[in-house]
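Structure first, commentary second.
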């Protein structure tokens, strides 16, 4: 039979998320689609406000009110989780799909010990004794290479350094042996020296445990190193999608070209740093046609009228541009 | 260039005010209260402070709508024969005078000290804030009651009562200035590092000029919000002090003293002597609080908690 | 590395404690000075000791013997020496040592405080948490509207209204006094009203009045604190971990809300103490407040000064202990020295 749907671990189809404001609904992300399989690492790249975090949160249905999924579907392990009730979603969150937030100091509750926060996560999803949970917690702490894990369990978040806290967050995400980790700007709040360590750790763990990774970040350098596929987002839409090495080497969409070009490392010493003129529009000010058109060198009339759709371009990349 | 009045008319402030019915209603009621208080000597049926007008034979007459009531005394009379309505007007007047006076004193002390502490920093700040902290560690009402008690024992009841209004103003004024000091200090510390202060310093203005003419006006918003709360608190403190017997004397009662005098009469059936002044006081404080709430929300939703 | 870090904290902590204690002692000295000045200038220690029926000649002699003609400072030091030993003078009114009178009146006030604290905790916690979780519900909006009314009503008026309703009209509760009390320790020092039905009945209206002005404050405080906590990243993370709503709200959010609330509770208890004076007057409740008012009225200076010194010292003591404890919990306080 033809039309056998490839079954992926995670499949996001035509996702649209809106925010219901008193003045009307505004679209935060529009027509977002991608898939993820076990062991695959996907990067979701874009500036602040492009919609990447919203996409990440919508997978586990944790969008802050007044946001809601207005269209599209999310399938995970064969189930349509976008239709799940909150009680059902709770069996997924922290269990099958784990999430890592940006600032570990703000993420860990300051009034509870590390051990407490780890054990409760396990006990929320499994019928397990405290001792057993503690043992698993220890095991995960060792996996993230934290020194003296026994002591850490009884310490409070403020007693530890930023890098250690993020390792603990990663350990927490590993507790229930999830299939996917969503990492939302995991290294942005850390010192530069620690950032590389944490990213290496994350990548290694995903390889060893065969977990899927969705890495949400604005840091192109990190994405280039860690991920296999990359989706570039702009003003709520995916405007370029493809294998990471291809997109980085041969960016197609003018925005992506600008982004890659603006990485300080790509400029020769003495050259001026390259920038894309203008700013990404806010959600309420998206221009008609292609959202990038006001800043685009290749702009033609059609760009101001018709919104381009993702189409196959060369090198296995899909891009949403009329001109390329 | 718009005039100040035009600017005000178009401001968000007025807009928010007109939209909030509770705020508008409270404001109207407050204005009515203020007018009643100011015009009390002219609109009251009688002057309750003047012994000539009072006839003990008129005591404990119920309100007009009850049996035995009389249209001469709309809300009845108290145990001395005074008209309730008049006494309530005069009592309100006294409460407002003391309340505003006390808060003005609090604000004056608090602003001067807080401004100095915040702007001058260093030792001045440390010492002044220590003093404020220490006083703050005692509840303001305790301070007021203790100071009042000491004054009364020192001056004797007679002198105390004669000087009641200024004494009460001073007592309540002294008891709660730290809150002004702290608030303005916080605000000043924020303003201190702004460019206009730097500019003024560079121009060569003396410290005190910068403090009072430049920094103070910009820190006033925070003070405005507390001002309303403090007036409500001062009025209630005065009522409490009067109720305890440390306030206005029986011959020139404020609302608190009226409630005190009337308490025993609820057992004998003349409930109006204590209930009416009480309700009057509650409504007055309520509208001030409602306006204060609204003001706080409009000026800065996160400025003041609880 | 960890050792020196610990050592540094210890030093900070030590310095902090010493500073706080010195501050406390200074304040106590000021209080005692003020108290003594009052006693000296206004009081009549001779009368306190021997009553009023003495000749002027005898008075002068007694005054001299008591050292009343000594310089101010010497008398002050004497006063402090006696105070530290527990001798705060003699109450003219009760003809007993002032301290003893105060201690005997204290339990009545303490029981009022306990009763109203219980009411505050039992009512404000559930209502506050509920209005934070479901701010738009009818109960929440009702509660919030009433809270502004609550803080606008003077404690004594609420008390009078309650008496009017329950004692005069409905006649189900008593209108004054403590009712039947039980001598807890058998020595007359603590008569409790909690152990008899009659005693409890007498406690109801006063405790409700006393808590009436604090309840709205706490409900509002708990609600706003909790609402803030609910917006934090760590609560969002708790949801992301898949924890149940009960756990997120009642354990994570709640514990974080409690900390600031508890600090406020302590401070507000001080204000509640001030309100007990008012409440005791309305209900003719024989506690410390009532005693204080009598002392003022009858110009029993010794008792009045003793009361001021005792109450002042208790406040200083409690504040110092709380500050030090707080310093243990919150490291940033130790270095700065103030809140």
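The values are calculated or read from the model by the stated rules, or taken from the named source; none is laboratory data. The structure displayed is predicted, hence computed values, not measured ones. Neighbour counts run over all protein chains shown; Cβ positions are idealised from the backbone, glycine included.
Tabulated data for the structure shown
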{"item": "Residue, surrounded by the fewest Cβ atoms within 10 Å (Cβ to Cβ), within the stretch A:115-152, restricted to residues that are touching a residue at least 40 places away in the same chain (Cβ under 8 Å) and within 18 Å of residue C:238 (Cβ to Cβ)", "result": "A:126"}
{"item": "Some residue of the stretch B:222-236 being within 20 Å of residue C:155 (Cα to Cα) and within 9 Å of another protein chain (Cβ to nearest Cβ)", "result": "yes"}
{"item": "Residue check for residue C:108: more than 30 Å from residue C:229 (Cα to Cα), in contact (Cβ under 8 Å) with a residue 60 or more places away in the chain and under 23 Å from the mean Cα position of the chain (by Cα)", "result": "yes"}
{"item": "Those residues of the stretch C:77-104 which are surrounded by fewer than 20 Cβ atoms within 10 Å (Cβ to Cβ) and part of a helix (DSSP H, G or I), in sequence order", "result": "C:77, C:78, C:80, C:81, C:82, C:84, C:85, C:100, C:103, C:104"}
{"item": "Residue among C:159, C:63, C:132, C:117 that is in contact with a helix residue (DSSP H, G or I) (Cβ under 8 Å, 6 or more places away or on another chain), away from chain B (no Cβ under 14 Å), in contact (Cβ under 8 Å) with a residue 24 or more places away in the chain and part of a helix (DSSP H, G or I)", "result": "C:117"}
{"item": "Single condition residue A:158 does not satisfy, out of (1) part of a helix (DSSP H, G or I); (2) exposed (fewer than 15 other Cβ atoms within 10 Å of the Cβ); (3) without any contact (Cβ under 8 Å) to a residue 24 or more places away in the chain", "result": "(3)"}
{"item": "Subset of the stretch C:166-175 that is at the interface with chain B (Cβ under 10 Å from one of its Cβ atoms) and surrounded by 12 or more Cβ atoms within 10 Å (Cβ to Cβ) - its residue that is nearest to residue B:245 (Cα to Cα)", "result": "C:175"}
{"item": "Any chance residue B:114 is more than 10 Å from every other protein chain (Cβ to nearest Cβ) and surrounded by fewer than 20 Cβ atoms within 10 Å (Cβ to Cβ)", "result": "no"}
{"item": "Lone qualifier among A:178, A:110 - being outside any helix (DSSP H, G or I), surrounded by fewer than 22 Cβ atoms within 10 Å (Cβ to Cβ) and at pLDDT 90 or above", "result": "A:178"}
{"item": "Residues of the stretch A:224-270 satisfying the condition of being within 24 Å of residue A:36 (Cα to Cα) and assigned to a loop (DSSP other than H, G, I, E, B)", "result": "A:227, A:228, A:235, A:236, A:250, A:251, A:252, A:253"}
{"item": "Boolean, residue C:307 is more than 10 Å from every other protein chain (Cβ to nearest Cβ), touching a residue at least 60 places away in the same chain (Cβ under 8 Å) and within 23 Å of the chain's Cα centre (by Cα)", "result": "no"}
{"item": "Only one of B:170, B:179, B:147 that is within 19 Å of residue B:111 (Cβ to Cβ), in a helix (DSSP H, G or I) and within 14 Å of another protein chain (Cβ to nearest Cβ)", "result": "B:179"}
{"item": "Complete set of residues in the stretch B:46-63 that are within 19 Å of residue B:258 (Cβ to Cβ) and loosely packed, with under 15 Cβ neighbours inside 10 Å", "result": "B:50, B:51, B:55, B:56"}
{"item": "Number of the condition not met by residue C:90 [criteria: (1) modelled with pLDDT of 80 or more; (2) in contact with a helix residue (DSSP H, G or I) (Cβ under 6 Å, 6 or more places away or on another chain)]", "result": "(1)"}
{"item": "Qualifying residue in the stretch C:177-189 (condition: touching a residue at least 40 places away in the same chain (Cβ under 8 Å), under 30 Å from residue A:87 (Cα atoms) and surrounded by 16 or more Cβ atoms within 10 Å (Cβ to Cβ))", "result": "no"}
{"item": "Members of the stretch A:5-45 that are more than 17 Å from residue A:58 (Cβ to Cβ), over 18 Å from the mean Cα position of the chain (by Cα) and assigned to a strand (DSSP E or B)", "result": "A:21, A:24"}
{"item": "Single unsatisfied condition, residue C:148 versus (1) in contact with a helix residue (DSSP H, G or I) (Cβ under 7 Å, 6 or more places away or on another chain); (2) free of Cβ contacts under 8 Å to residues at least 60 places away in the same chain; (3) more than 14 Å from chain A (Cβ to nearest Cβ); (4) more than 26 Å from residue C:106 (Cα to Cα)", "result": "(2)"}
{"item": "When residues of the stretch A:74-102 are limited to those that are facing another protein chain (nearest Cβ under 7 Å) and not in a helix (DSSP H, G or I), the one farthest from residue A:177 (Cα to Cα)", "result": "A:101"}
{"item": "Those residues of the stretch A:143-162 which are within 25 Å of the chain's Cα centre (by Cα) and over 19 Å from residue A:196 (Cβ atoms), in sequence order", "result": "A:157"}
{"item": "Residue count for the stretch B:150-167, restricted to those that are in contact (Cβ under 8 Å) with a residue 60 or more places away in the chain and within 9 Å of another protein chain (Cβ to nearest Cβ)", "result": "1"}
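Conditions tested, residue by residue: (1) at pLDDT 85 or above; (2) more than 28 Å from residue A:41 (Cβ to Cβ); (3) out of contact with any helix residue (DSSP H, G or I) (no Cβ under 7 Å at 6 or more places or on another chain).
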position: A:240; (1), (2), (3): yes, no, no
position: A:247; (1), (2), (3): yes, no, no
position: A:250; (1), (2), (3): yes, no, no
position: A:264; (1), (2), (3): no, no, yes
position: A:270; (1), (2), (3): no, yes, yes
position: A:290; (1), (2), (3): yes, yes, no
position: A:308; (1), (2), (3): yes, no, yes
position: A:315; (1), (2), (3): no, no, no
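So that you can scan it fast, the table gives a plain yes or no per residue for (1) more than 27 Å from residue C:97 (Cβ to Cβ); (2) surrounded by fewer than 24 Cβ atoms within 10 Å (Cβ to Cβ); (3) more than 18 Å from the chain's Cα centre (by Cα); (4) touching a residue at least 24 places away in the same chain (Cβ under 8 Å):
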residue	(1), (2), (3), (4)
C:221	yes, yes, yes, yes
C:236	yes, yes, yes, no
C:245	yes, yes, yes, no
C:254	yes, yes, yes, yes
C:258	yes, yes, yes, no
C:261	yes, yes, no, yes
C:272	yes, yes, no, yes
C:279	no, no, no, yes
C:288	no, no, no, yes
